[in-house]
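Trainee: This is the structure I want to talk about, given as structure tokens.
Bear in mind that the values in this text are calculations on the coordinates, not laboratory data. If you're wondering where the values come from, they're calculated on a predicted model, not measured in any experiment. Cβ: placed from backbone, ideal geometry, glycine included. Neighbour counts: every protein chain shown.
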Amino acid sequence: MSIDEKTAARVAKLARIKVEDDQLPALAQEFSNILGFIEQLNEVDVEAIEPMTSVTPQKLYRRVDEVTDGDQQEKVLKNAPDAREGFFAVPKVVE
Amino acid sequence: MSDLTKMTLAGARDALRKGETTSVELTETHLKAIEGAGALNAFVHHTPEIALEQAKAADARIAAGDAPDMCGLPIGIKDLFCTKGVPSQAASAILNGFKPEYESTVSQNLFDAGAVMLGKLNMDEFAMGSSNETSVYGNVVNPWRRSGNDAELTPGGSSGGSASAVAADLCLAATGTDTGGSIRQPAAFTGITGIKPTYGRCSRWGTIAFASSLDQAGPMTKDVRDAAIMLEAMCSFDAKDSTSANLPVPNFEAMLTGDIQGKTIGIPKEYRMDGMPDEIEQLWADGTVMLKDAGAKIVDISLPHTKYALPAYYVIAPAEASSNLARYDGVRYGHRATLDAGDGITEMYEKTRAEGFGSEVQRRVMIGTYVLSAGFYDAYYNRARRVRALIKKDFDDVFATGVDAILTPATPSAAFGLGEMKDADPVQMYLNDVFTVTVNLAGLPGVAVPAGVDAQGLPLALQLIGKPWEEGELLNTAYALEQAAGFVAKPNKWW
């Protein structure tokens, strides 16, 4: 599978990572190499094999649906790059 | 007392209990060793105040007769573990300045047992790397050098700081994490012991996530006994990790008898790779003879899907990473890019992540994004998860025939030079994990045991792979191998 620059740009956009236009050819080439390596998987017969969901045969635990934690606003906001009036602050989202 | 930094965990524990030294003395000696070892760049956040406070508390506990095995023993903590009030940034610029308001379960378990934290250890950014060259703190240097050559070598990765620090006697032991080999490969490159337990043994809570279905914490120590002691202290059932195993944690150290009479050791033919150095081949053959001489039965086995482990891993791990690392968006913690006039929230995300993530992390996040994107999910991600099921079945089938453990090389080479792989294709670097990554995909315990040196005087290791939840038996086999191999070499101090 060869990845073109347009696809590389689309993936970067989906991943929310800014990539300058002049970096796209190298990035596309790297993706192509890695995906070429991954494509060995096509040699494997996976017919009737279920995709693994859990490596150990255990079910996820359930617990009672009740509040066990909270009232930690100050701690939650402590590491925020921009916190104001008890909220995370971000650039304008809605016009 | 002889040099306190040369001690093992077991030796220091016994000395503390006999009153031959104190935790404060042990801690001060190690803090001094760290101060003099800046050239290794292993410790990146120093916590001497915390260490001395913990050491004093440990001495009080020992005096009161309430001393768990780890009590008073100075260790290093990989930067991937969140430690309350202490920088914890997974060696990434995107977590610059992040000081968690909470403690990871593994480090809390160690502190509850009385362990002393000397500081945080360098690593590959977000544990993505095999040479500790992707860290925002710069490269870690291996204390080992090729004989007659001053070239700086990699300690391996991603737990390179942990490996370098233990090998250089800067701490008695260290925590590591292993997603594809990140405990075992650096342990092998530095002549120390490292075990990745069964998936679910150590809680992942508070450990910064890379690939959640593969990540496991484990100890990196000077010998197998120390690995048993520290692993027991790290393990626990934890309701805060939904994949944590609700099983009793055995006394692993008590299981170290060295008796492996009648055990069956499998030698997988698929691990005999083309182009494998003769020295690795010889080490593997020697290890096989050692286990046979110790009374084990040796059988040839086949793990037919081995070849597909690395490509499956390089779908699954990046896919999970792209999801896990979506949280680094410049809103809740860490770095936020300076924005230009008119930039909106999308520009904030894109600039923050471009500035904050290094190139290997960006590459893996984008590969993960691609394999999970509409139209490719089945072809890549689901196919890789199917192949993963087959890889696990290979091991299940072998263990069902009565095999107790599997012996393989730990790495395809000895430590290589820093910068040597700079111009190589990323895939070349990924090949470092060829012998270790199967174990993560199958969720099994695996341990790297130093077993010899190469012609240039660098350590080489063998890997033993065990059955799920049988870390005790696995460590006992590793103990027998350690006894037989008699590896005692240490790096010459140059730093």
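Trainee: Among the residues of segment B:312-333, write down those that are in contact with a Gly (Cβ under 7 Å, 6 or more places away or on another chain) and either free of Cβ contacts under 8 Å to residues at least 40 places away in the same chain or at the interface with chain A (Cβ under 7 Å from one of its Cβ atoms) (or both).
Mentor: Selection gives B:S322 alone.
Per-residue answers, yes or no, for (1) surrounded by fewer than 24 Cβ atoms within 10 Å (Cβ to Cβ); (2) charged (D, E, K, R); (3) within 25 Å of B:N142 (Cα to Cα):
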{"site": "B:T177", "(1), (2), (3)": "no, no, yes"}
{"site": "B:P186", "(1), (2), (3)": "no, no, yes"}
{"site": "B:G194", "(1), (2), (3)": "no, no, yes"}
{"site": "B:R201", "(1), (2), (3)": "no, yes, no"}
{"site": "B:A209", "(1), (2), (3)": "yes, no, no"}
{"site": "B:A227", "(1), (2), (3)": "no, no, yes"}
{"site": "B:F237", "(1), (2), (3)": "yes, no, no"}
{"site": "B:S244", "(1), (2), (3)": "yes, no, no"}
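Trainee: When segment B:340-361 is examined, which residues are found to be surrounded by 20 or more Cβ atoms within 10 Å (Cβ to Cβ) and either without any contact (Cβ under 8 Å) to a residue 24 or more places away in the chain or of a type in the set (S, T, Y) (or both)?
Mentor: Once the filter is applied, which keeps residues that are surrounded by 20 or more Cβ atoms within 10 Å (Cβ to Cβ) and either without any contact (Cβ under 8 Å) to a residue 24 or more places away in the chain or of a type in the set (S, T, Y) (or both), segment B:340-361 yields B:M348, B:Y349, B:E350, B:K351, B:T352.
Trainee: Here is a further query. For segment B:442-495, give me each residue that is charged (D, E, K, R) and more than 14 Å from every other protein chain (Cβ to nearest Cβ).
Mentor: B:D454, B:E473, B:E482, B:K490, B:K493
Trainee: Conditions: (1) outside any helix (DSSP H, G or I); (2) charged (D, E, K, R); (3) at the interface with chain A (Cβ under 9 Å from one of its Cβ atoms). B:D300 meets all but one. Number of the miss?
Mentor: Exception for B:D300: condition (3).
Trainee: Can you name every residue in segment A:33-86 that is more than 8 Å from chain B (Cβ to nearest Cβ), closer than 30 Å to B:Y380 by Cα and either of a type in the set (G, A, S) or not in a loop (DSSP other than H, G, I, E, B) (or both)?
Mentor: A:G36, A:A48
Trainee: Hey, does segment B:147-155 have a residue that's buried (at least 20 other Cβ atoms within 10 Å of the Cβ) and either without any contact (Cβ under 8 Å) to a residue 24 or more places away in the chain or within 14 Å of chain A (Cβ to nearest Cβ) (or both)?
Mentor: no
Trainee: Name the residues in segment B:52-95 that are of a type in the set (G, A, S) and within 30 Å of B:V361 (Cβ to Cβ), would you?
Mentor: B:G76, B:G85, B:S88, B:A90, B:A91, B:S92, B:A93
Residue-wise test of (1) touching a helix residue (DSSP H, G or I) at 6+ places or on another chain (Cβ under 8 Å); (2) not β-branched (V, I, T).
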{"site": "A:E20", "(1), (2)": "no, yes"}
{"site": "A:L27", "(1), (2)": "yes, yes"}
{"site": "A:I34", "(1), (2)": "yes, no"}
{"site": "A:I49", "(1), (2)": "yes, no"}
{"site": "A:L60", "(1), (2)": "no, yes"}
{"site": "A:D69", "(1), (2)": "no, yes"}
{"site": "A:V90", "(1), (2)": "yes, no"}
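Trainee: Moving on to the next point. Give the residue that is farthest from B:Q108 (Cα to Cα), with candidates limited to residues of segment B:81-97 that are touching a helix residue (DSSP H, G or I) at 6+ places or on another chain (Cβ under 6 Å) and buried (at least 24 other Cβ atoms within 10 Å of the Cβ).
Mentor: Ranking the candidates gives B:I94 first.
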